[in-house]
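The values are calculated or read from the model by the stated rules, or taken from the named source; none is laboratory data. This is a predicted model, so every value here is computed, not measured. No Cβ is skipped: glycine too gets one built from the backbone with ideal geometry, and neighbour counts run over all protein chains shown.
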Amino acid sequence: MGIHLAHLNEAGAKKRRSRRQVIEEITAYAFLLPALLFVFAFMLYPMLHSFLLSFTEYDFVYDKAPTFVGLRTYLEVLQDDFFQISLKNTAYFALGFFPLLVIISLGIALLLNLPLRGNTVVRTSVFLPVIVSLALTGVMFQGMILSGKFGLLNHILGNVLGLKSWTREWLTDPRTAMPALIAVSLWKYVGFEALIFLAGLQAIPEALYDAAKVDGANAWQRLVHVTLPNLRESFTLVGIWGIIQSIKVFEQPFIMTQGGPANSTLTLYYYTWINAFDFFEMGKASASAYLICFLILVFSLVNMYLTRGERV
Amino acid sequence: MAQRMSRREFLRITGMAAGAITLAACGAPKAAEAPATSAPAGAGELTGTLRVSAQSWIIKKWPVEEVAKKFMEDHQGVTVEVSPAPSKGEGESYLVQWSQGRTNVDVALGGSKSDVAAYVGQDLLVEFGDDFFTGDFARDQFIEAFLKEGEFEGGKQYAVPLLGEVMYTTVRRDWYEEAGLLDADGKPIPPKDWDQWKEYAKTLTIPGERSGLAISWGTNFMWQQYLTGLVVSKGSIYESEGSTMVDFSSEYAEALLQFWQDIVAAGYAPTGTFTDQNANRNDFKSGLIASMITAHARWPEAEQVLEEDGADRVTAMPILEGASTLAYAHTIYIPKVSPVPDLAKAFIKEQLFSLYGQQWSANNFGKLPTLKRNYAGLDAPEYQDILAAAAKGVHEPNYKDQAELNKVLQVELEKCITGAQTPKETLANLRDAASKLDLSLV
């Protein structure tokens, strides 16, 4: 009888525990629900839907429903002249922007890491462009700095430095439009990258530098053999972020050049946008978006491979 | 005795509440629901709520809010709500909403033919049939080119014109006078052909200081500029009589492109509009441009800035002597899902086509009335010439792949204007691109 009662009590406790567990689980899911719904509705569902659309032909205006065409949309995109131009332009942007971004932001971070007076002010100044919206940055550079007639740059070149022949319409000349966009992007993003490098620099133990000095290493050798190897994580972060910014460049040409002149600043993202919202070709737009995604993935993996390894 | 809530209970309740709120928030937005009231079919005792949406610039340049009040005064049972369109008013603004059978708009104002075409393509608009075009609003009461802006395949009218524009030249009268380009009446003498325009541009240009002629070559105007160039020089935009294909092959087309290329190469014309659609109008107002070919409404706009001291510095001039020009309109359209289409049509006839509204916009911002009778008594003398140009104006076609054609045109013409390719090569490229597009009329 006693054994029987004990068994019943144990079973009751188990039941109670499991009910409590269930309530806890429900509570936990209730808390997670808003985030889950958000992720599903605004991220997972659109991603899956656009992935399916990328295998269809779908003119949002004239077609009642998408028509499944398999990989034909991808082939059409790859053969599209505008896609090829945008791929070339994006490569141009990335090759100009990415190395300069890394070099300049690293240089600034190294300077900011020096124990100099006024560094806090400089650090704030360097970071300021990051908090300016990209659209505003575009408008500001287009109207106030790079404008042929009213721009500060031409004023400085022509009136202050006396280099009249260097002045030009920076954004309406196909030869200078893309370099101008690269320069604006650097102004905007260098501060953020410098901050990542600075965090990495400040995490390097001082003892490593002391040991290097004892071994007779000069400043250059300390930079090459101590600082840079210990910035691997920073390089990985900066690299992935920089690659993404390089490939998904959109706002700058959208605001400042509208992809022109003569397609000289038409980038992959802009190409996707035009297909989606100018041409209403949702299948092509989705396919090109996934091609961009694929490119970012490949370059990010390459970057991770190149920056792999242990901290020195 | 107050009971203390345990931490666990608190978390449980707030968690449930968060979930419930989230689920509730997933419901359809209330704004998109149709209003409860609607107008009766018969006129005279109109009731209901009419939701009018206009592109933001229209709310500024057309007295929409004022006429809405007037309409409510005239019809005590009616409420009119005016709101700016969510975006510039292009195709995507309402496409999704209307195609799902919902709307928070009963009358939409603004949008060119190509903008409206997106809605027509999905059969989302109310047709303005013969019952609409009666009496004072018969078809022949409208400027034909403006009315055509809302006409689609099969002669179906899915939009009616709110305000009109013609392509024209805005000029600095004082500089034209200095250059001896005014006639005895003080009116600028329009050039006879592109060669004479080149001479004008050369005479009016001061290197490093001002450009003789600016042409709107931005993405918002390139198509219209090309068609205008054909209209004023050839009298038609099509490759041949009866054809619906725009001319990409004639000597007129080549001469136009050669003219554009030459004036840029010589430094008489700026290319700022390639990247900044407002570059020419801003430069004109800043005294950096002597003449500008674009929508005629830039003339009164420039007057407001350049004639603040009362001096008569700005006027309007035909692009070429005696030539017609391109005319287009910003239209009014009603979604099929609107529960009050009759109320919307009454508002359009009584207020949007009213003498007051149409002339207010013309006198203040140069936007042209779309009904012929509303030109009577307009203040500025230039209006008679502009009306004449509008009356014989040519309207633009709209093709199924219009957006794609516009993109190709922009790229190829920019290449030509900057000298990267010859006019011949440009036209060949355009013909090649056009052959791959669906250029059936919408």
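Residues considered: A:Phe294, A:Phe277, A:Phe299. Of these, the only one that is outside any loop (DSSP other than H, G, I, E, B), farther than 23 Å from A:Thr176 by Cα and in contact (Cβ under 8 Å) with a residue 40 or more places away in the chain is A:Phe299.
Please count how many residues of segment A:111-148 are within 14 Å of chain B (Cβ to nearest Cβ) and of a type in the set (Ser, Thr, Tyr).
At the first step, the residues of segment A:111-148 found to be within 14 Å of chain B (Cβ to nearest Cβ) are A:138-148.
Narrowing the set further to residues that are of a type in the set (Ser, Thr, Tyr) leaves A:147.
Number of matching residues: 1.
Going by the conditions given, is A:Thr272 under 30 Å from B:Lys407 (Cα atoms) and crowded, with 18+ Cβ neighbours inside 10 Å? Talk me through it step by step, then tell me what you get.
Working: under 30 Å from B:Lys407 (Cα atoms): yes; crowded, with 18+ Cβ neighbours inside 10 Å: yes.
The answer is yes for A:Thr272.
The set of residues in segment B:358-372 that are more than 17 Å from the chain's Cα centre (by Cα) and of a type in the set (A, V, I, L, M, F, W, C) contains only B:Trp360.
Which residues, taken from segment A:114-128, are basic (Lys, Arg) and more than 26 Å from the chain's Cα centre (by Cα)?
Selection gives A:Arg117 alone.
Of the residues making up segment B:279-310, those that are away from chain A (no Cβ under 14 Å) and in a loop (DSSP other than H, G, I, E, B) are B:Ala290, B:His296, B:Ala297, B:Glu307, B:Glu308, B:Asp309, B:Gly310.
Yes/no matrix, rows are residues, columns are (1) surrounded by fewer than 20 Cβ atoms within 10 Å (Cβ to Cβ); (2) more than 23 Å from B:Phe365 (Cβ to Cβ); (3) in the same structural domain as B:Ser361 (by TED's automatic domain parsing); (4) over 26 Å from the mean Cα position of the chain (by Cα):
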| site | (1), (2), (3), (4) |
| --- | --- |
| B:Val171 | no, no, no, no |
| B:Ala179 | yes, yes, no, yes |
| B:Asp195 | yes, yes, no, yes |
| B:Thr205 | no, yes, no, yes |
| B:Leu213 | no, yes, no, no |
| B:Gln225 | no, no, no, no |
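All of (1) surrounded by fewer than 19 Cβ atoms within 10 Å (Cβ to Cβ); (2) in contact with a strand residue (DSSP E or B) (Cβ under 7 Å, 6 or more places away or on another chain); (3) not hydroxyl-bearing (Ser, Thr, Tyr) hold for A:Glu281 with one exception: (1).
A quick yes/no check of all residues on (1) assigned to a strand (DSSP E or B); (2) closer than 26 Å to A:Asp173 by Cα; (3) touching a residue at least 12 places away in the same chain (Cβ under 8 Å):
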| site | (1), (2), (3) |
| --- | --- |
| B:Glu165 | yes, no, yes |
| B:Tyr168 | yes, no, yes |
| B:Lys192 | no, no, yes |
| B:Lys198 | no, yes, yes |
| B:Gly229 | no, yes, yes |
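Return yes or no: is A:Lys213 closer than 27 Å to A:Phe299 by Cβ and of a type in the set (Lys, Arg)? So A:Lys213 does not fit the description; no. For segment A:172-190, the criterion of being more than 13 Å from chain B (Cβ to nearest Cβ), within 20 Å of A:Leu114 (Cα to Cα) and surrounded by 14 or more Cβ atoms within 10 Å (Cβ to Cβ) is satisfied by at least one residue.
Summed over segment A:250-259, residues that are surrounded by 24 or more Cβ atoms within 10 Å (Cβ to Cβ) and part of a loop (DSSP other than H, G, I, E, B) total 2.
Of everything in segment B:129-156, what is among the acidic types (Asp, Glu) and in a helix (DSSP H, G or I)? Give them in sequence order. Walk me through it before giving the result.
Kept after step one, since they are among the acidic types (Asp, Glu), are these residues of segment B:129-156: B:130-131, B:136, B:140, B:144, B:149, B:151, B:153.
Within segment B:129-156, B:Asp136, B:Asp140, B:Glu144, B:Glu153 meet the criteria.
Given the criteria free of Cβ contacts under 8 Å to residues at least 12 places away in the same chain, at negative phi and more than 14 Å from every other protein chain (Cβ to nearest Cβ), does B:Glu321 qualify? Here the answer is no, as B:Glu321 does not meet what is asked. Taken as a whole, the structure places B:Ser93 among residues that are touching a Pro at 6+ places or on another chain (Cβ under 9 Å), within 14 Å of another protein chain (Cβ to nearest Cβ) and within 30 Å of B:Trp299 (Cβ to Cβ).
Within segment B:231-241, the set of residues being out of contact with any strand residue (DSSP E or B) (no Cβ under 9 Å at 6 or more places or on another chain) and in contact (Cβ under 8 Å) with a residue 40 or more places away in the chain comprises just one member, B:Ser233. For segment B:236-289, a residue qualifies if it is within 22 Å of the chain's Cα centre (by Cα) and small (Gly, Ala, Ser), and the qualifying residues are B:Ser236, B:Gly272, B:Ala279.
Here's a check for you: in segment B:112-147, which residue that is among the hydrophobic types (A, V, I, L, M, F, W, C), under 23 Å from B:Val166 (Cα atoms) and buried (at least 20 other Cβ atoms within 10 Å of the Cβ) is nearest to the other protein chains (Cβ to nearest Cβ)? That would be B:Ala117. When A:Tyr305 is tested against (1) farther than 30 Å from A:Tyr62 by Cα; (2) under 14 Å from the mean Cα position of the chain (by Cα); (3) more than 14 Å from every other protein chain (Cβ to nearest Cβ), exactly one condition is not met: (2). Within segment B:207-221, is even one residue assigned to a loop (DSSP other than H, G, I, E, B) and more than 14 Å from chain A (Cβ to nearest Cβ)? Checked against the condition, which is being assigned to a loop (DSSP other than H, G, I, E, B) and more than 14 Å from chain A (Cβ to nearest Cβ), segment B:207-221 yields at least one hit. Going through (1) outside any helix (DSSP H, G or I); (2) closer than 13 Å to B:Trp194 by Cβ; (3) within 14 Å of another protein chain (Cβ to nearest Cβ) one by one, B:Asp276 falls short only on (2). Residues of segment B:251-273 that are within 14 Å of chain A (Cβ to nearest Cβ), among the hydrophobic types (A, V, I, L, M, F, W, C) and not in a helix (DSSP H, G or I): B:Ala269 alone. Of the helices (runs of 4 or more DSSP H) entirely within segment A:117-217, those holding at least 1 residues that are of a type in the set (Gly, Ala, Ser) and within 27 Å of A:Asn230 (Cα to Cα) occupy A:119-131, A:174-202, A:206-214.
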